[in-house]
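The numbers here are math on the coordinates, done by the rules we state, and not lab data. All values reported here derive from a predicted model rather than from experimental measurement.
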Amino acid sequence: MEKLQAFQTAAREGGFIEVNETAEGTVLWLRKSAPVTARDTHQRMCIDSLTNSVTVYWMTLPGKLSSKTFRGVPALQEWFDMGPEAILQR
């Protein structure tokens with residue numbers, strides 16, 4: 001359970017806010033509060049207590065969904081810190 005709390009803390013520090021939890025309480029969904037980068041567009045995060053993992057989903061292009069799964073909090077934090085390119089305003 002500590003690992004899941006650590007994932008939640010890292011998610012909030014990364015700009016995610018809670019959306020909802022499943023009825024069984026095994027999955028917590030979060031979303032990015034405001035997109036700063038292209039990778040942040042429509043970003044959602046699923047914290048799964050059954051697999052002790054986090055999966056982040058985002059749209060790279062309209063209709064193209066990408067995802068990345070993390071089994072450890074340090075890897076998630078490192079991914080947040082990678083700093084992808086900012087969204088270009090047109």
Between ASP81 and TRP29, 0.36 nm times their residue separation minus their Cα-Cα distance comes to what?
16.6 nm
What's the extension gain from LYS68 to GLN5 if we count 0.36 nm per residue and subtract their Cα-Cα distance?
20.8 nm
